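Visitor: Encoded as structure tokens, here's the structure I'll be asking about.
The values are calculated or read from the model by the stated rules, or taken from the named source; none is laboratory data. Here the structure is a predicted model, which is why all the values come from computation and not from measurement. When we count neighbours, we look across all protein chains shown, and the Cβ atoms used for this are built from the backbone with ideal geometry, even at glycine.
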Amino acid sequence: MIRYIAILFVVAVCALGPHSDHDRVVALPPDDGDPIISADRIRADVKYLSSDRLEGRGIGTAGEERTIDFIAGAFKKAGLKPVGERGTYFQSVPLVKVLTQATATLAATKGDETIRFTLEDEFAGQGRTQQPLEDFDAEAIFLGHGITAPEFGWNDYDGVDVTGKVVVVFTNEPPSDDPKFFGGKALTYYGRWTYRYDEATRRGAKAVLIIHTNETAGYPYGVVRKLEGAQIQRTPGAPALAFAGWLSRRAGDKLLSLAGLTVEEALQRADTRGFKAIPLGVRVKGHIPTTVRRIVTRNVIGMVEGSDPVLKSEAVMFTAHWDHLGVGKGGVGSDTIYNGALDNATGSAILLEMARLWSGQRSKPKRSAIFFSTAAEESGLLGAVYYAQNPVVPLGKTAIDLNFDVIHPLGVPESVVVSGAERTTAWPTVQAAAQKHKLTIEPDKRGHLGLFYRSDHFALARGGVPAFSVSLGEKIRGKPADFIPKAVEQFIARVYHTPADEFREDWDFSGFPVLMRFAHDIAVEAANADGLPTWNPGDEFRAARDKSWVK
């Protein structure tokens, strides 16, 4: 493959320079005789999982087979009990793969003026009816952020019937510094693109077009321009959008110009309290031919049984998604493999090493531990969603989920981010573990992008499980204060969801064992505690937790 990628990563996340011997930590000493955590073994796993041999770890591909066989083999070698189907480590997840064909068209008409949008460059997305063809010609209406949030006194759908219409919206949510209004600066689930599609579907819309801006989405348009995606198999007769799509900012300006608006003006109106829907006086016509293919992807699940004869029926959980984007159109030179080294070979390698650590402990915790390598995270957390509906251990008996997703190998951390942990009764345990390992707990500086709702732990949280991701903070030993912010910014701008996300030999994995020991101690405490943690009173997931306990 073309190695222009290397230049990008030097700028993006790996401008580390040579490591001195005292900065290079190959393994972290064990606690009380437990196995050593090997940074070199983690490095080797990341390298293999992001190799061209695995073809970007796309679901429903030969790359998937090689990936899950490797993970299952590592679980077996570590001594984990297979708790999948028929005595295996695998849990089948039935999905539908949909591919919008190159002949798809989208146009907007007002009077005698028609604007045609270019597929991929100006619009992208998929139908959700899982039918081979959807044709529609419907009135378009601008719904701001497309949010109905009565607890915040906000309803973009107020007095509007969108049945059979094309809903045009922005993602994200009204800006706020007040924690009691849309969570302040941190994004709530109302800000996610998935919410727009779901809410419009509930209200009978024909299609949804989200106008993309880097600011509201948090990533470049190139991330959403894909034409292929996976979906959970649709229940016959259930409502579904003929098209769930995105418009580039340029296309958004073209569409809104027919109503005398610009993207900037429309976004300003959407952000204003008291916003009222704006009929655009435009008809949007779509012709969406689709290739529909039923597939079965697989979660990989192993267990280490607890030592207590009663409490071993309960469990702590560790998660990381194994999938990435497979092989597609090249984004850098002729490279077409989306290797997904950071996203998420890093988290997967941590999961494997954590399984080895937990299984090799001399003193087994009371509760069991589930090691859950999820499928189809990149398609909307679908593997985790399926597990939440079909758990190995009931969610009401699952103490906690610690998730690992996109862990930058940039050195030894002196701070961590555990957004969502403060919302649970496990918070004192998290704080104690951080203090033990001399780690500062930082607020998520990118909380306004809704990262909490963008990884697998969210699917478990919706089922009531206290769940959050464990990530590096911005303080790295021996690095300047702006080192991590610059690295992350460049990663999102140039590497995220592109073929440039490749393994580099000069990556520094010395911080991974530190992060793992921190997470390990949290899980051990939860596994040995008298009772199970829960969400704090009033939290959005508390009702689900209470309901899961009743079951």
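Visitor: Mind telling me which of the residues Asp530, Asp539 ends up being of a type outside the set (Lys, Arg) and exposed (fewer than 14 other Cβ atoms within 10 Å of the Cβ)? Let's see the steps before the verdict.
Guide: On the way: Asp539 fails: exposed (fewer than 14 other Cβ atoms within 10 Å of the Cβ).
After ruling out the rest, the residue left standing is Asp530.
Visitor: Another question, then. Can you spot a residue in region 475-497 that is surrounded by fewer than 21 Cβ atoms within 10 Å (Cβ to Cβ), of a type outside the set (A, V, I, L, M, F, W, C) and within 21 Å of Ala527 (Cα to Cα)?
Guide: Within region 475-497, not a single residue is surrounded by fewer than 21 Cβ atoms within 10 Å (Cβ to Cβ), of a type outside the set (A, V, I, L, M, F, W, C) and within 21 Å of Ala527 (Cα to Cα).
Visitor: Take the conditions under 30 Å from Gly260 (Cβ atoms) and either assigned by TED's automatic domain parsing to the domain that holds Gln231 or modelled with pLDDT of 95 or more (or both) and apply them to Thr118. Does it pass?
Guide: yes
Visitor: Consider Asp401 carefully, then state whether it is over 20 Å from Gly478 (Cβ atoms), surrounded by 24 or more Cβ atoms within 10 Å (Cβ to Cβ) and touching a Gly at 6+ places or on another chain (Cβ under 7 Å).
Guide: Taking the combined requirement at face value, the residue does not satisfy it.
Visitor: Here is a list: Val514, Val488. Which entry is touching a residue at least 24 places away in the same chain (Cβ under 8 Å), assigned to a helix (DSSP H, G or I), under 27 Å from Ile37 (Cα atoms) and under 17 Å from the mean Cα position of the chain (by Cα)?
Guide: The match here is Val488.
Visitor: Here's another thing I want to ask about it. Of the conditions (1) closer than 26 Å to Arg293 by Cβ; (2) crowded, with 21+ Cβ neighbours inside 10 Å; (3) acidic (Asp, Glu), Asp198 satisfies every one except a single condition; which number is it?
Guide: (2)
Visitor: Here is a follow-up. If Lys438 meets every condition in (1) part of a helix (DSSP H, G or I); (2) farther than 30 Å from Gly396 by Cβ apart from one, which number is that one?
Guide: (1)
Visitor: Moving to a separate point now. What do you reckon, is Ala500 among the aliphatic types (A, V, I, L, M) and more than 20 Å from Pro413 (Cβ to Cβ)?
Guide: When the stated conditions are applied, Ala500 passes them.
Visitor: Counting only residues that are out of contact with any helix residue (DSSP H, G or I) (no Cβ under 7 Å at 6 or more places or on another chain) and among the polar types (S, T, N, Q), which one in region 230-261 is surrounded by the most Cβ atoms within 10 Å (Cβ to Cβ)?
Guide: Gln231
Visitor: If only one of Tyr197, Tyr157 is among the aromatic types (Phe, Trp, Tyr), in a loop (DSSP other than H, G, I, E, B) and either closer than 21 Å to Ala277 by Cα or touching a residue at least 24 places away in the same chain (Cβ under 8 Å) (or both), which one is it?
Guide: The match here is Tyr157.
Visitor: Residues in region 460-471: is at least one in the same structural domain as Ile400 (by TED's automatic domain parsing) and farther than 22 Å from Pro537 by Cα?
Guide: Of region 460-471, the ones in the same structural domain as Ile400 (by TED's automatic domain parsing) are 460-471.
Okay, now just the ones that are also farther than 22 Å from Pro537 by Cα, so 470-471.
Among the residues of region 460-471, at least one is in the same structural domain as Ile400 (by TED's automatic domain parsing) and farther than 22 Å from Pro537 by Cα, which makes the answer yes.
Visitor: Considering (1) surrounded by fewer than 24 Cβ atoms within 10 Å (Cβ to Cβ); (2) modelled with pLDDT of 95 or more; (3) not basic (Lys, Arg), say which one Pro175 fails and leave the rest.
Guide: (2)
Visitor: Report whether or not Thr346 is under 21 Å from Ala399 (Cβ atoms) and touching a helix residue (DSSP H, G or I) at 6+ places or on another chain (Cβ under 8 Å).
Guide: Spelling it out, it is not the case that Thr346 is under 21 Å from Ala399 (Cβ atoms) and touching a helix residue (DSSP H, G or I) at 6+ places or on another chain (Cβ under 8 Å).
Visitor: OK, next. What is the number of the single condition among (1) among the small types (Gly, Ala, Ser); (2) in contact with a Pro (Cβ under 9 Å, 6 or more places away or on another chain); (3) surrounded by 19 or more Cβ atoms within 10 Å (Cβ to Cβ) that Ser307 does not meet?
Guide: For Ser307, the failing item is (3).
Visitor: Further, regarding this structure: Kindly indicate the residue of region 80-115 that is free of Cβ contacts under 8 Å to residues at least 24 places away in the same chain and outside the structural domain of Glu228 (by TED's automatic domain parsing) and also surrounded by the most Cβ atoms within 10 Å (Cβ to Cβ) among those meeting that condition.
Guide: Applying the filter and picking the extreme gives Thr88.
Visitor: Further, regarding this structure: All but one of (1) closer than 27 Å to Gly380 by Cβ; (2) of a type in the set (Gly, Ala, Ser); (3) in contact with a strand residue (DSSP E or B) (Cβ under 6 Å, 6 or more places away or on another chain); (4) not in a loop (DSSP other than H, G, I, E, B) hold for Ala526, so report the exception by its number.
Guide: Just one mismatch for Ala526, condition (1).
Visitor: Next question, about the same structure. Answer with yes or no whether Arg66 is at pLDDT 60 or above, assigned to a helix (DSSP H, G or I), within 18 Å of Gly360 (Cβ to Cβ) and more than 22 Å from the chain's Cα centre (by Cα).
Guide: Numbers: at pLDDT 60 or above: yes; assigned to a helix (DSSP H, G or I): yes; within 18 Å of Gly360 (Cβ to Cβ): no; more than 22 Å from the chain's Cα centre (by Cα): yes.
Judged against the criteria, Arg66 is not a match.
Visitor: Kindly provide the set of residues from region 122-156 that are surrounded by fewer than 20 Cβ atoms within 10 Å (Cβ to Cβ) and in contact with a helix residue (DSSP H, G or I) (Cβ under 9 Å, 6 or more places away or on another chain), ordered by number.
Guide: Thr148, Ala149, Phe152 - these are the residues of region 122-156 that are surrounded by fewer than 20 Cβ atoms within 10 Å (Cβ to Cβ) and in contact with a helix residue (DSSP H, G or I) (Cβ under 9 Å, 6 or more places away or on another chain).
Visitor: Report, by residue number, each residue of region 272-316 that is part of a loop (DSSP other than H, G, I, E, B) and touching a Leu at 6+ places or on another chain (Cβ under 8 Å). Explain how you work it out, then say what you get.
Guide: Of all residues in region 272-316, those part of a loop (DSSP other than H, G, I, E, B) come to 272-277, 305-310, 314.
Scanning region 272-316 gives Ala277, Glu314.
Visitor: Still on this structure, please answer the following. Only one of (1) touching a Pro at 6+ places or on another chain (Cβ under 9 Å); (2) within 27 Å of Ile59 (Cα to Cα); (3) buried (at least 19 other Cβ atoms within 10 Å of the Cβ) is not met by Ala270, so which one is it?
Guide: It fails just one condition, (2).
Visitor: Follow-up. May I ask you to list pairs of residues, at least six apart or on different chains, whose Cβ atoms are under 7 Å apart, with the first in region 395-418 being within 19 Å of Asp343 (Cβ to Cβ) and the second being β-branched (Val, Ile, Thr) and modelled with pLDDT under 95?
Guide: As it stands, the answer is His408/Val13; Leu410/Val13; Leu410/Ile484, since those pairs meet every condition given.
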